[in-house]
Amino acid sequence: MVREPAAAQAELLPSPGCPPPPPPPREPSLLLPPGSCDAHCHVLGPADVFPYAPDRTFTPLDAPKDQVRALHAHLGLDRAVIVQSSCHGNDHTGLLDALATGDGRLRGVALIGATTTRGEIEELHRAGVRGFRLNFLPHLRTPPTRAEIDSVLERVDGLGWTAQLHVHDEEIALLGDLVRALPGKVVVDHMGRVDLTAGPDGTAPRSLRALLDTGRVWVKVSGADRISRQGPPYADAVALAAGLVKHAPERVVWGTDYPHVNIVGAAPDDGLLVDLVEHIAPDPAHLRLLMVDNPAELFDFSATP
């Protein structure tokens, strides 16, 4: 793909909704179990090394691999899944660079474009990519057609990748046919970005639990700050997440969503997000499933010592 000159990119200001990270996050009081995984974060740039896509819909502040690694060390997270951001498009150079430094602690989720070849996909698999993401939010990309999804499935066939669905609220109820068509495990990002106006028993949360009941769908109980209507400490979103963990403890994972792009207001304190996990999964057995065992199964990490 054609890249925008790095010098020109470096002069661009971040888009609205891409606030700087807050001051250094507080140290969490929750001691996470060994092998805990941030199952959803992004590595962005730096733009002068890994330029953002010319057709991106937003420009973030850089969040390079060393910055993300330092955050995880501070929070007590041993593993992470780096999700390719739409601002980098289908150019996975930065993702590959980050995965190469992971020593087995990192996995990736790719964005497969129309021109991504099977050879490129196999290179991503060797590097540690174990999933592909389908964005259905129009502010990121034009939602994929069924033909485009089938093309992706054909090219990733046999690799055992998870399909990650980034949808919004009412779209959750429409996912049944797509879930049945996808051959492997399916993950719904950020609790389906449900509208909590009607509370945790609204139409979208009920649809989310129905998907969990299929036995083939996992949910990321991440993005509490995105869907809360109350602000920190996001009690309404935490209640929804806790209900999902209790409903299907073996099919939930958690992530920071760092560095929190395309949000309203200030970025959340990631130390607070970690401490909320204690309320999302108060049962120690559920906590281990959420943070260690489930992401290891989904993303093909080795057994935790």
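The values are calculated or read from the model by the stated rules, or taken from the named source; none is laboratory data. This is a predicted model, so every value here is computed, not measured. Keep in mind that these areas ignore ligands, DNA and RNA; they rest on the heavy atoms of the full protein, side chains included. Shrake-Rupley method; radii C 1.70, N 1.55, O 1.52, S 1.80 Å.
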For Lys220, give me every one of the lysines with a C-alpha distance below 16 angstrom, ignoring sequence neighbours fewer than eight places off in its own chain. Lys185, Lys246
With the full set of protein chains in place, find how many percent of the accessible area of the range 263-305 is carbon and sulfur; take the probe as 1.4 Å. 59
Quick one: what Rg and Dmax do you get for the range 72-217 from the alpha carbons, in Å? 15.9, 46
Scale the Cα Rg of the range 174-230 by the rule-of-thumb value 2.2 N^0.38 Å and send over the ratio, two decimals. 1.14
Expressed in µm² per second, the diffusion coefficient of the range 1-136 from the Stokes-Einstein equation, with Rh the Kirkwood radius over alpha carbon pairs, at 20 °C and 1.002 mPa s, is 136
Can you give the relative contact order of the chain as a percent, counting alpha carbon pairs under 8 Å and 6+ residues apart? 21
Report, to one decimal in Å, the Kirkwood hydrodynamic radius for the range 83-139 based on all distinct Cα pairs. 11.6
For a bin width of 10 Å, list the pair-distance distribution of the range 212-287 built from all Cα-Cα distances, rounded to whole %. 20, 52, 25, 4
Once the Cα gyration tensor of the range 256-305 is found, what semi-axes does its equivalent ellipsoid get, as square roots of 5 times the eigenvalues, in whole Å, sorted largest first? 25, 15, 8
Give the distance, in whole Å, between the Cα centre of the range 9-84 and the Cα centre of the range 177-219. 26
Which of (i) 18.5; (ii) 14.3; (iii) 15.2 is the computed mean projected area of the Cα convex hull in nm² for the structure on display? (ii)
Rolling a 1.4 angstrom probe over the protein heavy atoms, how many square angstrom per residue are accessible across the range 2-148? 45
Report the Cα centroid-to-centroid distance between the range 100-121 and the range 234-305 in angstrom, as an integer. 23
